[in-house]
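Shown next, in structure tokens, is the structure this report addresses.
The values are calculated or read from the model by the stated rules, or taken from the named source; none is laboratory data. Everything numeric here is computed off the predicted structure, so don't read it as measured data. Positions of Cβ are generated from backbone atoms using ideal geometry, with glycine treated the same way; all protein chains shown enter the neighbour counts. Remember, those area values only see protein heavy atoms, side chains included, never the ligands or the DNA or RNA. Shrake-Rupley method; radii C 1.70, N 1.55, O 1.52, S 1.80 Å.
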Amino acid sequence: MKKNLPILFTVFCSLFVSSALAQTEIRRNQVGYAPQQEKVIVVEGMNPTGKIRVTTPNGKTLKPKAKVRKAVSPFSGKTRYVVDLNNLTATGDYRVSIGQQSCRLTVAEQPYHDIAISALRLFYLIRSGVAITMGGDYDRPLGHPDTHVLIHNSAASPLRPAGTVISSPFGWYDAGDYNKYVVNSAFSIGLMFAVYEQFPEYFARLNTAIPESGNKTPDLLDEMMFNLRWFLTMQDPYDGGVYHKLTTPNFEGFILPTDCKQTRYVVQKTVTATLDFAAVMADAARLLEPFQEDYPGFSAQAAAMAERAYQWAKANPTAFYRQERLKEPAVTTGGYGDGSARDEFFWAATALYRLTGKQQYLDDARQHQPDRFTTPAWGNVASLGAMEWLAASSPSVSTPGPTALHEAMLQQLIDYCDKAIEGVETSSFQSPYGNKATDFGWGCLSEGCCSQAMLMLFADKMLGTEKYRRYALQNADYLLGRNATGYCYVTGFGDKSPMHPHHRISEADSVEKPFPGMLVGGPNPGQQDKKDMPMPYASSYPDESYMDVMESYASNEIAINWNASLVAFLCWLDALQ
């Protein structure tokens, strides 16, 4: 088992990383570019005009006709040079040299294929309640069987009093911790369902080497089903309400699942968890219906449970999660609290209308429809409902009400995308993301970078154009290395990626490298973890407030909702290519 490094050695490593970061002058996508994708690098510390040399895959050295523009960071004031190398279209590995600095630049027909599969396969590696036997170096024995889970005081009901034992196995570990949260799980599934629905043929061919890969169901849906099997246990069978989460009272230490000893509980039924459950179970009923051979009876069961959950939510519209009220025992784990259920009602009503065609759900969706398009996030799921209206193709949505909703959501999406791409041509890293201080914060690489790009690709598909694809690819470049820290923010990819994410299994196992395919939260100027850090952050600038140390839960944690956005974005790019 790995041990924490002594503080002085950790500080030394931090200083070394900080120094290396300062010396790194070429920022670029470290994973790869498609042949017709723009090839932009960013140089810091020198004007590269006249100094650029490129060695081609066949060994020829040339001086490219690169376009160079100067850019100044709105945060640090640092001068950078944005270099356009678009004439590199042949596939292979190039070597780009500027002065004493050089880097590899890869052009490939499917540059995002391996990383997209790894991002999706991460969900297999974080399965709960089963032994991991197809993880290679990351195999582990069964942990958290969750067959002896207690009803918490906050979740008690006449037919399930406090202390009642239930079985609630399977599902995914939520983030760097070992708990399971309905709100975040439902959001994660909903986001991946949205992309699956756009490219079912692509996902039918995608093999992620999981135990279910040999069946008749696409691997992505198989993985969603593993989590949905847990969902089936989180609805109170007596009233239809859904428990907010399955959790220990306090976070476990950085130990392996088999070493965890705390009692696990299901806590308080909430309107937001119940509506998210209703939405995702309605979608699951619809999307998994063709795969009865592998999952007999599931679609009918999920549909019934979704409608029952919605009825409970309608009867309990103010049942919001209040963790501070939970006693005997008190609970201090992730809250996923929310003070409004308007967006959850919109998503759930939309999903149920698509499933059933019932007027009640259409009326409710219209009542709760948003007035603008927002980036999808667990705390604001309105865009998941909006994408459903845009994607819907069944005859039941051809009536005037649904048509008006479809048109309204499309215009909101176009307005969102047009706003997102403003200022790209003068930005420091030639991307829509990363140009405002508000772009950075908790989970920003997911909600700000990946999901923004996915929405632009979605808009293109709805419009039948490629207007926004270029900008979506620019966000991929930012995510994978063309940024202020020079990190490829996905573990296991690129030549500089996170090695010490805030992830208990990766820290506690005997494997030096963390699980591959994990997206870290990213730069977070709030630095909410600084009191727990073994050293100060290397920078306070918004786009540089990132530390690759295990203690940095504010910038270096992983989470299923963040990886869901990575899967949605990268699988979409891979499907296009």
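Of note:
- Whether segment 256-322 is rounded, prolate or oblate, judged on the alpha carbon gyration tensor where a/c under 1.5 counts as rounded: oblate
- Direction-averaged projected area, Cα convex hull, the chain: 25.3 nm², rounded to one decimal.
- Each of the peptides 518-526, 559-567, 142-150 was scored by the mean count of other Cβ atoms within 10 Å over its residues; in descending order, highest first, they stand as 559-567, 518-526, 142-150.
- Along the chain, the exposed loop sites are GluC sites (Glu not before Pro) outside DSSP states H, G, I, E and B with at most 15 other Cβ atoms within 10 Å, and the longest stretch free of them is 110-292.
- Of the chymotrypsin sites (Phe, Trp or Tyr not before Pro) in segment 166-271, those whose Cβ has at most 11 other Cβ within 10 Å and which sit in DSSP loop: Tyr238
- Given Lys314/Lys358; Lys269/Lys327; Lys245/Lys530; Lys180/Lys261, the pairs whose alpha carbons are separated by over 18 Å: Lys245/Lys530
- For the chain: accessible area per residue (Å², 1.4 Å): 37 Å²
- Reciprocal of mean inverse Cα separation for segment 292-388 (Kirkwood radius, Å): 15.2 Å
- Helical runs (DSSP H, four residues minimum) scored at -39500 (n - 2.57) apiece and divided by the length of the chain put the mean residue ellipticity at 222 nm at -11500 deg cm²/dmol.
- Between Tyr265 and Leu150, Thr247, Thr248, the built amide H atoms are under 5 Å apart, and every one of these is 5 or more places off in sequence or on another chain.
- Restricting segment 279-352 to trypsin sites (Lys or Arg not before Pro) that sit in a DSSP loop and have at most 15 other Cβ atoms within 10 Å of their own Cβ leaves Arg322, Lys327.
- Share of carbon and sulfur in the accessible area of the chain stands at 53%, probe radius 1.4 Å.
- Between the Cα long axis of helix 382-391 and the first principal axis of the chain there is an angle of about 90°, rounded to the nearest 10.
- Where a label projected 7 Å from the Cα of Asp139 along Cα→Cβ would reach, residues of segment 188-220 with amide N under 20 Å: 208-214
- Estimated dipole of segment 397-512 in Debye, rounded to 20 [Cβ of Lys and Arg +1, of Asp and Glu -1, Cα centre]: 100 debye
- Reported to the nearest whole Å, the Cα centre-to-centre distance from segment 512-577 to segment 208-233 is 26.
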